[in-house]
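The values are calculated or read from the model by the stated rules, or taken from the named source; none is laboratory data. Note that this is a predicted model, so its numbers are computed, not measured. Virtual Cβ from ideal backbone geometry, glycine too; neighbours counted across all protein chains shown.
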Amino acid sequence: MFIKIYGEKSTVGYSVMPYTVALMSSGIWLYYGAIEKDGHLLIGVNAFGCVVETVYIIMYIVYSPPHHKIRIIRLLSILLCILCTIILFTFFMWKGNTREEIVSWICFGASISVYGATVGSVVRAIRTRSVAFMPITLTCVLTVNAIIWGVYGFLRGDAAIWVPNTISLVLGVVQVIVYL
């Protein structure tokens with residue numbers, strides 16, 4: 001998708017929402033990795049995710065029409081404020097396992113929202129009977145990602161990781177079926 005945006009120097013009808021939500025999710029998971037014991041893998045993967053999503057969003061902003069740029073920057077500002085509020089609130093309100101448990105539930109919701117953000121393209125595909133703007137590459141990558149993280153979470157016994165990824169796997173498969 002971003003190769004197409006770069007090539008056409010236009011956002012060509014794609015939505016920035018999945019990428020902004022993914023950035024928010026990576027930020028929350030990065031925080032979870034920082035407060036959880038043995039969260040090194042979560043930190044590394046989600047730090048990389050934050051960088052990649054930021055690059056995608058910057059590219060999207062560069063090739064967006066001027067009126068969309070303002071909306072995207074507002075959306076990013078709101079999401080950043082939410083992320084900072086979550087981090088500060090949970091950091092100062094709770095300690096130890098309680099904080100970890102609460103943040104894990106927030107991560108649960110963030111993970112589902114990443115896959116839910118791409119559902120809008122499914123609705124659009126059904127309504128218009130066209131999958132032209134359905135981000136199938138993103139959907140496939142997210143589906144494979146859900147499998148990998150689901151297995152990882154299951155093997156660790158961390159329901160905050162495997163449960164949302166199992167739900168996300170189902171959402172991803174549905175999206176691929178709609179695309180086909």
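Worth a mention:
Yes or no, residue by residue, for (1) farther than 30 Å from ALA132 by Cα; (2) among the small types (Gly, Ala, Ser); (3) at pLDDT 95 or above:
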position	(1), (2), (3)
SER10	no, yes, no
TYR14	no, no, no
TYR31	yes, no, yes
VAL55	no, no, no
LEU75	no, no, no
LEU79	no, no, no
TRP105	yes, no, no
ALA110	no, yes, no
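- Given (1) within 16 Å of VAL21 (Cβ to Cβ); (2) surrounded by 12 or more Cβ atoms within 10 Å (Cβ to Cβ), index of the condition ILE102 fails: (1)
- Qualifying residues in region 31-55 (those that are surrounded by 17 or more Cβ atoms within 10 Å (Cβ to Cβ) and under 12 Å from the mean Cα position of the chain (by Cα)) - the one nearest to THR98 (Cα to Cα): ASN46
- Residues of region 137-162 classified as assigned to a helix (DSSP H, G or I) and either surrounded by fewer than 17 Cβ atoms within 10 Å (Cβ to Cβ) or of a type in the set (Gly, Ala, Ser) (or both), total: 16
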